[in-house]
1. So if I place +1 on the C-beta of Lys and Arg and -1 on the C-beta of Asp and Glu, and nothing else carries charge, what would the dipole magnitude of segment 481-575 be about its Cα centre? I want it in debye, nearest 20.
2. Using only the alpha carbons of segment 219-309, determine the length spanned along each of the three principal axes and report them from longest to shortest in whole angstroms.
3. Can you give me the % of accessible surface on segment 242-314 that is carbon or sulfur? Probe 1.4 Å, all protein chains present, nothing else counted.
4. Kindly state, to the nearest 0.05, the FRET efficiency for Arg570 paired with Gln13, given R0 = 60 Å and r defined as their beta-carbon distance.
5. Hand me the GluC sites (Glu not before Pro) from segment 523-575 located in a DSSP loop with no more than 11 other Cβ atoms within 10 Å, in residue order please.
6. What is the distance in Å between the Cα centres of segment 410-424 and segment 59-73?
7. For segment 500-575, which trypsin sites (Lys or Arg not before Pro) are both in a DSSP coil and crowded by at most 16 other Cβ atoms within 10 Å?
8. Mind checking the per residue accessible area of the chain for me, 1.4 Å probe, whole number of Å²?
Amino acid sequence: MGLLTEGTLLSWQETKQWADYVKRHGVQQFIKLFNKQRDRVNDVFIWGDETEYAIIKFEHDKKMARVSLRSEEVLDHMNMLENLGKLSSLWHPELGAYMVEAMPSKPYSGLIHELNMVETNMRTRLGCDDFMDPATNSLHENNTNSLVFLDETIIHKHPKFGAITRNIRNRRRKKVIINVPIYKDQKTLTPHENLQDEKSERVVKNHIYMDNTIFGTGCCSLQVTLQASNIQEAKILHDHLAVLSPIMMALSASSPAYRGYLSDRDCRWSVIVNSLDDRTDEERGIKPRYSSVNSYLSSEGEILNDVEVVFDRRVYKELRDAGVDHLLSQHVAHLFIREPLFLFSENIHPKSEDDIFHYENIHSTNWQTVRLKVPSEGSSGWRVEFRPMEVQFTDFENAAYAVFIVLLTRVILSLNMDLLIPISKVDENYEEAEKRDAVRSGTFWFKTNIKKSKKAKDKTCCSDEWSYAKMTMNEIINGKDNLFPGLIPLIRRFLRRAAVEVDTLRTLQKYLELLQHRASGKLLTTAQWIREYILDHPDYRQDSVVTERINYDLLCTADRIQRGELKSPRLLGSF
Ligand code: ADP
Ligand code: MG
Ligand code: MG
Ligand code: MG
C-alpha cells in the first residue's frame, strides 16, 4: 500500500490542520517534477509484479483455519534473509496484520525469456514456513458492541495503516459500512438482521454487513507495474489498462465469500470501494477514493471522456499555468480534492528540493484501478500500475495473469491498437464484472474495430459507436467471428513473429491456455471454484453459511493445490 515512512504520527485534528499545506506543497512538488521529467525519453521497458499473500494458521486438531496476525515476524524474517542476500524477492507490509506483499528483488527486463522466470521467482518467495507458529489473535465478532466487527489488532502495526483506517472513520464521521448481497439459497437468512449500528444505519436486508476497512483491503491483489518509454506511451498504456481493468477483474475473480457467508458477488470490488470510503454524506456525489479511472489521459482518449470529473479548480489552474496539459492537469487536480489521511511530523517540511512526499501522500491514497506513477530522479521513468486483479491460489496462475498483461501491452503498443471506448462504458463494465459468474454469463462493452483511426478529429463519441459492442468474456479473450479477433489470438500472432525460444514459448502457451479456458468457461475462475467447493461440501446446509469446518477444508484443499500435492482439473485443467 504505497508510501511507507517511520515517524511521529499526527492526530486526525492535527493532520486536518496541515491538509491545505500538504495539498499546496504536493501540487508544487508535482509541477517541479513534471517540468524536470516531462521530456524524459527512451526509458527501457522493465516491469514487476506485486503479489499479496494471506498468512493462514491451520489448527488441524480443531479443524480450524484462521488468518494469522504475524506479518511483522514474517517480514522481519524475510528482511533478514534479504539482507543476507539470500532472497530473490522483496517484502513489504500490507494493511492487514496477516498480509504480506512480495515482488521480485529487481524488475524484470523486457527480454521475452525473462517471462519464463516469473513463476519461479514467485515460487521461491514462499516455501519458508518455519515462522508459521500459532498466532493468538484473530478477528472476532462482538455482538454486544455497536462496532460489530472492529478489532484493531487485525491492522498491521505500522502507524500509517492504523491512521488510514481510523481517519477514514474520522473524516466521514462514522464507521465504514459495507453491505454485499448475500447468495440466496433455499434457506438463506439475512445475517444480523436486527442489528443496528450507532448511527442507526440498518443492516440491509439480504446483505452481508461489514464495518471494517480490513474486509476490503484484506482481500489480496495482484498488481503489475510497467515502465513506459516516455510520458506519451505511459498515457496510452494508462488508458488501455483502464479499459482492461473490469475485464481482468472479472477474469481473475476470487472473492465470493465474506465474514463466513457466501455472497452474490465474485469480486471484492464494491467491498473494497466501500471499505476505503472516507466521503461525508454531503460528498456522496463525488467518486470514492478507491474507484475506477476517471478519464483517459492520452489525446486519443480525450473525445471518449464522457464522465464528468470532479476536480479542484484552483489546482487545475495552477497546473495549467505551469504548462501541464489539460487532461493531466484535470487528473492531478482530481487527486487533490482529497485530504491527507495520515501525516508524520518529520515529513511536514520537505527535506530536499526533490522531496515529493506530499504529492505521494495524496497520490498513494487515491486508489484507482490504474495509476500513473511519476519518475524518480535517475532510476525510474514514467510508469503505469495495473491494480484490479485478484490474487490466485498458485504461482502458476499468478504468473499467467501477470505475464498476460505484459504481453498484451506489448501487442497494443507494437500494433498501435486502439481499444478505447467511452469511459462511461468502462464504468458500466465494472458493475457487470463483479457479479456472480460474470465470466460465463456477463457481457461487457468492448471495442470491435481495434485499428486506430488515422484522423482522431474525425471520430466523435457518437459516430464511433458502431465500433464497440457488448461481448462475452469468451469473445473478448478468444475472439468472435467477423467481429473481434480476440486478445489471445492477437498475442499468439505477436509471439509467432517474435523469435521466442522454445522453452519460454512453451511456458507462455500454458499461461495463455489457462486464461483462454477460464474465459471460455472450460476452467473455473478461483471465485467459481470456491463457490462450488462450498456448495458441494457435506456440511453445507443451503443457507449460504460457510462454517468453520467448510472454511478449514477449503483452505486445506487450496493449500494442497498451491503446493502441487493435489490436482484440480476444474480450476487448472492439466497444468
Ligand atoms: P507500490 O506499492 O507503490 O505500487 P511497490 O514498490 O510495492 O510499489 O512495487 C513496485 C513494482 O514495480 C515491483 O514489482 C517492482 O519490481 C516494479 N518496479 C520497480 N521499478 C520499476 C521500474 N522502473 N519500472 C517498472 N517496474 C518497476
Ligand atoms: Mg499491496
Ligand atoms: Mg506495493
Ligand atoms: Mg502497488
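1. Working: 15 positive and 12 negative charges, 111 e Å.
So the magnitude is around 540 debye.
2. Taking max minus min along each principal axis of the Cα atoms, segment 219-309 gives 46, 34, 19 Å.
3. Values: 1000 of 2190 Å².
Reported share for carbon and sulfur atoms: 45 percent.
4. On the way: r = 53 Å, r/R0 = 0.89.
The formula returns an efficiency of 0.65 here.
5. Details: sites: Glu532, Glu548, Glu565; in loops: Glu565.
When the GluC sites (Glu not before Pro) of segment 523-575 are filtered for loop state and at most 11 Cβ neighbours within 10 Å, Glu565 remain.
6. Comparing the Cα centres of segment 410-424 and segment 59-73, I get a distance of 44 Å.
7. Details: sites: Arg506, Lys510, Arg518, Lys522, Arg531, Arg541, Arg549, Arg560, Arg563, Lys567, Arg570; in loops: Lys522, Arg541, Lys567.
Sparse-neighbourhood loop trypsin sites (Lys or Arg not before Pro): Lys522, Arg541, Lys567.
8. Details: 23410 Å² over 575 residues.
It amounts to 41 Å² per residue over the chain.
The values are calculated or read from the model by the stated rules, or taken from the named source; none is laboratory data. Since the structure is predicted, the reported quantities are computational estimates derived from the model, not experimental observations. For neighbour counting, all protein chains shown are included, and Cβ atoms are generated from backbone atoms with ideal geometry for every residue, glycine included. When the accessible area is computed, the model is the full protein with side chains, heavy atoms only, and any ligands, DNA or RNA have been set aside. Shrake-Rupley method; radii C 1.70, N 1.55, O 1.52, S 1.80 Å.
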